[in-house]
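Enquirer: Following this message is one structure expressed as structure tokens.
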Amino acid sequence: MTDVYLNGQFLPLDEACIPVLDRGFLFGDGVYEVIPAYGRRLFRLHEHLQRLQRSLSEVRIPEPLDETGWAGVLQRLVDRNEGEDQSVYLQVTRGVLPKRDHAFGGQDIHPTVFAMSTPLNPPDPAIAEQGVAAVTLDDIRWQSCHIKAITLLPNVLLRQQAIDAGAAEAILIRQGQATEGAASNLFVVRDGVIETPPKGPLLLPGITRDLVLELATAQGLPAREADIPVERLRDADEVWLTSSTREIVPVTRLDGVPVGDGQPGPVFRRMHRLYQDYKDAVRRGEAD
Ligand code: PDD
């Protein structure tokens with residue numbers, strides 16, 4: 001039986017209920033985080049909580065807990081649930097108002113806090129061996145993609161469009177520039193140099209993205225932030241997508257055309273190894 005956390009209490013999933021006037025339900029008015037745990041240790045927790053705090057502040061939802069408070073709740077959640085490796089989903093909505101009104105100003109409301117954790121299976125090894133297909137699609141989202149908002153309808157439609165086309169992910173294009181995936185960040189490799197678009201309002205500042213850059217720098221692999229016009233994407237030797245749940249995914253076909261030689265490249269294989277080593281260090285308590 002899965003235990004979840006809702007507004008200060010741990011309880012079985014099928015007993016967790018929220019009022020239908022919750023603004024998360026009515027408006028998608030809330031923010032979230034997805035945080036992996038390896039060997040029951042929360043991965044990059046400080047970075048995830050800092051991003052949560054920035055998302056909350058951008059949408060003017062008061063922070064329900066401080067970092068120590070969150071750490072305590074989330075660790076207890078992981079300890080109560082199954083699996084050495086887990087994926088924690090944490091959502092904060094603006095809360096419940098007595099009637100449906102777009103504006104929220106000045107009213108006395110309390111954020112709704114919900115967290116659940118599910119076992120996290122390692123990615124299918126075939127993905128690292130063969131890569132996946134991706135398609136490019138127009139980025140139909142808003143101008144504040146740096147906020148990790150629960151309002152995900154465009155992302156949902158874009159991911160489904162990619163799946164319907166036989167691909168694993170949509171790579172989003174805005175004004176000729178590749179920004180990120182529907183639920184992942186984007187990297188390309190050209191002549192041995194790793195590149196990812198700079199942070200800004202048009203993409204989510206991914207925690208996996210930052211770790212990949214950190215690992216590259218620590219190992220002396222050339223890496224930099226740079227705009228990726230769509231032509232540069234099509235020309236790349238390697239294309240990768242990163243996220244907390246999928247780690248680093250090599251894209252070997254883009255819009256039906258092989259990327260590079262159509263196989264996961266040497267720089268991917270190096271980074272994949274570094275990432276697995278980092279997860280093992282987290283499991284041993286030697287990294288976070
Ligand atoms: N999504 N960009 C978008 C739009 C995302 O939704 C995600 C992650 C990322 C990668 O961020 P991170 O490395 O911090 O996971 C980039 C999560 C996993 C989700 O919505 O389930």
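Enquirer: On a 0 to 90 degree scale, rounded to 10, what angle separates helix 45-58 from the longest Cα axis of the chain?
Expert: For 45-58 against the chain, the angle is about 70 degrees.
Enquirer: Give me log10 I(q)/I(0) at q = 0.09, 0.11, 0.13, 0.17 Å⁻¹ for the chain, Debye formula, one equal scatterer per alpha-carbon, no solvent.
Expert: Summing over Cα pairs of the chain leads to -0.45, -0.68, -0.94, -1.44.
Enquirer: Rounding to the nearest 10 and keeping the result within 0 to 90°, find how far the Cα-based axis of helix 207-218 lies from the longest principal axis of the chain.
Expert: 40 degrees
Enquirer: To continue, here is another question. Out of the DSSP beta bridges found with both residues in the stretch 125-283, what percent are antiparallel (nearest 5)?
Expert: Given both bridge residues lie in the stretch 125-283, the antiparallel proportion sits at roughly 65 percent.
Enquirer: Mind giving me the FRET efficiency for Thr118 and Arg224? R0 is 30 Å, r the Cβ-Cβ distance, nearest 0.05 is fine.
Expert: Approximately 0.25, to the nearest 0.05.
Enquirer: Which value, in Å², gives the accessible area per residue of the stretch 158-288 when a 1.4 Å probe is used on the protein heavy atoms?
Expert: Per-residue accessible area for the stretch 158-288 comes out at 43 Å².
Enquirer: Given a 1.4 angstrom probe, I'd like the percentage of the accessible area of the chain that is carbon and sulfur, rounded to a whole number.
Expert: With neighbouring chains kept in place, the figure for the chain is 52 percent.
Enquirer: Let me have the relative contact order for the chain, percent, based on Cα pairs under 8 Å that are six or more residues apart.
Expert: Relative contact order of the chain: 19 percent.
Enquirer: Still on this structure, please answer the following. Whose amide H sits under 5 Å from the amide H of Glu238, counting only residues 5 or more places off or on another chain, with H placed in the peptide plane?
Expert: Distant-sequence amide H within range of Glu238: Val189.
Enquirer: Then there is this: What ranking do 215-221, 73-79 get when scored by the average of other Cβ atoms within 10 Å per residue, highest first?
Expert: So the peptides 215-221, 73-79, ranked by packing, come out 73-79, 215-221.
Enquirer: Same structure, new question: Just need the relative contact order of the stretch 3-119 here, percent rounded to a whole number, with Cα pairs under 8 Å and 6+ apart.
Expert: 38 percent
Enquirer: For the stretch 125-283, max minus min Cα coordinate along each principal axis, in Å, sorted largest first?
Expert: Answer, in whole Å and largest first: 36, 32, 28 Å.
Enquirer: How big is the Kirkwood radius of the stretch 3-119, worked out from every pair of different alpha carbons and given in Å to one decimal?
Expert: For the stretch 3-119, inverting the mean 1/r across all distinct Cα pairs yields 14.7 Å.
Enquirer: Additional query: Ordering Phe25, Phe187, Phe114 by accessible area with a probe of 1.4 Å, largest first, what comes out?
Expert: Phe25, Phe114, Phe187
Enquirer: Give the residues of the stretch 48-91 whose amide nitrogen is closer than 13 Å to a point set 7 Å from the Cα of Arg40 in the direction of its Cβ.
Expert: 75-86
Enquirer: Further question on the same structure: From largest accessible area down, sort Glu47, Glu82, Glu15, Glu169; use a 1.4 Å probe on the protein chains.
Expert: Solvent-accessible surface, decreasing: Glu82, Glu15, Glu47, Glu169.
Enquirer: Here's a follow-up. I'd like the Karplus ³J(HN,Hα) series for the stretch 7-21: coefficients 6.51, -1.76, 1.60, θ = phi - 60°, whole numbers in Hz, and an x wherever there's a Gly or Pro.
Expert: Working through the residues one at a time gives 6, x, 10, 9, 7, x, 3, 6, 9, 7, 10, 10, x, 5, 8 Hz.
Enquirer: Same structure, new question: Ignoring ligands, DNA and RNA, what accessible area per residue does the stretch 3-119 give at 1.4 Å, in Å²?
Expert: 49 Å²
Enquirer: Which order do the peptides 54-63, 35-44, 171-180 come out in when sorted by mean C-beta neighbours inside 10 angstrom, highest first?
Expert: Ranking the peptides 54-63, 35-44, 171-180 by packing returns 35-44, 171-180, 54-63.
Enquirer: For the stretch 193-288, treating each Cα as an identical point scatterer without solvent, what Debye log10 I(q)/I(0) comes out at q = 0.11, 0.14, 0.16, 0.17 1/Å?
Expert: For the stretch 193-288, the Cα-only Debye profile gives -0.34, -0.55, -0.71, -0.80.
Enquirer: Ordering Asp3, Asp101, Asp164 by how much accessible area each has at a 1.4 Å probe, largest first, what is the list?
Expert: Putting Asp3, Asp101, Asp164 in descending order of accessible area: Asp164, Asp101, Asp3.
Enquirer: Can you give me the angle between helix 67-80 and the longest principal axis of the chain, using Cα atoms only, in degrees from 0 to 90, rounded to the nearest 10?
Expert: Relative to the chain, helix 67-80 is tipped by roughly 80 degrees.
Enquirer: What's the ranking of 271-280, 244-253 by average number of surrounding C-beta atoms within 10 Å, highest first?
Expert: Top to bottom by mean Cβ count within 10 Å: 244-253, 271-280.
The values are calculated or read from the model by the stated rules, or taken from the named source; none is laboratory data. Model, not experiment: these values are computed from the prediction. So basically every Cβ, Gly included, is an ideal-geometry build from the backbone, and we count neighbours across all protein chains shown. The protein model used for the area step is the full one, side chains on, heavy atoms only, and it has no ligands, DNA or RNA in it. Shrake-Rupley method; radii C 1.70, N 1.55, O 1.52, S 1.80 Å.
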